[in-house]
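Participant: Encoded as structure tokens, here's the structure I'll be asking about.
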Amino acid sequence: GAGGGAAEAHKKNRIQVSNTKKPLFFYVNLAKRYMQLHNEVELSALGMAIATVVTVAEILKNNGLAVEKKIMTSTVDVKDDSRSRPMQKAKIEIVLGKTDKFDELMAAAAEEREAAAAEAEAEEQS
């Protein structure tokens, strides 16, 4: 859209997934938190990291937490110091929104964690 340039530059709800070896569930949990805060999250990645973004989106969808709102694919020029010409890399952006059940499921998961923590504490004291 026209006139949305500044807003595009630094979206608060965008997660850029890179190939740093962060565990998958780091991104899954981050996406959940972003959806809690902003109601939707945009996952983006280049090249090999695209598989991670797709997997994260599928986990959230399969758990009933997210619905797919938009998928955009493109190619971008990436500068590579070892070559004279920039490389073309595939890019994906997936926008996920909360499902109707999102808040309910997140609350249930939080309760479960609290119960488990209380149980562990009780065991330590006995």
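The values are calculated or read from the model by the stated rules, or taken from the named source; none is laboratory data. None of the values given here were measured: they were computed from a predicted structure. Glycine also receives a Cβ, built like all others from the backbone with ideal geometry; neighbour counts cover every protein chain displayed. For accessibility, only protein heavy atoms count, side chains too; no ligands or nucleic acids. Shrake-Rupley method; radii C 1.70, N 1.55, O 1.52, S 1.80 Å.
Participant: Quick test of your reading of the structure: Lys61 fulfils all but one of (1) basic (Lys, Arg); (2) in a loop (DSSP other than H, G, I, E, B); (3) surrounded by 12 or more Cβ atoms within 10 Å (Cβ to Cβ). Name the failing condition by number.
Facilitator: Result: Lys61 fails condition (2) only.
Participant: May I ask you to verify whether Val67 is open to solvent by less than 80 Å² (accessible area, probe 1.4 Å), touching a residue at least 24 places away in the same chain (Cβ under 8 Å) and farther than 18 Å from Met106 by Cα?
Facilitator: No.
Participant: Is the range 80-102 home to any residue that is farther than 14 Å from Val17 by Cβ, touching a residue at least 40 places away in the same chain (Cβ under 8 Å) and over 14 Å from the mean Cα position of the chain (by Cα)?
Facilitator: Among the residues of the range 80-102, at least one is farther than 14 Å from Val17 by Cβ, touching a residue at least 40 places away in the same chain (Cβ under 8 Å) and over 14 Å from the mean Cα position of the chain (by Cα), which makes the answer yes.
Residue-wise test of (1) of a type in the set (S, T, N, Q); (2) touching a strand residue (DSSP E or B) at 6+ places or on another chain (Cβ under 9 Å); (3) modelled with pLDDT under 95.
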| position | (1), (2), (3) |
| --- | --- |
| Ala45 | no, yes, no |
| Ala57 | no, yes, no |
| Asn62 | yes, no, no |
| Thr75 | yes, yes, no |
| Pro86 | no, yes, yes |
| Ile92 | no, yes, no |
| Thr99 | yes, yes, no |
| Ala109 | no, no, yes |
| Ala120 | no, no, yes |
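Participant: Collect the residues in the range 83-103 that are more than 25 Å from Glu40 (Cβ to Cβ) and open to solvent by 100 Å² or more (accessible area, probe 1.4 Å), keeping them in residue-number order.
Facilitator: Of everything in the range 83-103, those that are more than 25 Å from Glu40 (Cβ to Cβ) and open to solvent by 100 Å² or more (accessible area, probe 1.4 Å) turn out to be Arg83, Ser84, Arg85, Gln88.
Participant: Of all residues in the range 104-126 being over 27 Å from Gln36 (Cα atoms) and open to solvent by less than 100 Å² (accessible area, probe 1.4 Å), which is nearest to the chain's Cα centre (by Cα)?
Facilitator: That would be Ala120.
Participant: Any residue in the range 17-34 that is over 15 Å from Ala110 (Cα atoms) and modelled with pLDDT under 95 sitting within a Cβ distance under 6 Å of a residue that is open to solvent by 80 Å² or more (accessible area, probe 1.4 Å) and in a helix (DSSP H, G or I)? List the pairs, counting only those 6 or more apart or interchain.
Facilitator: Asn19/Met48
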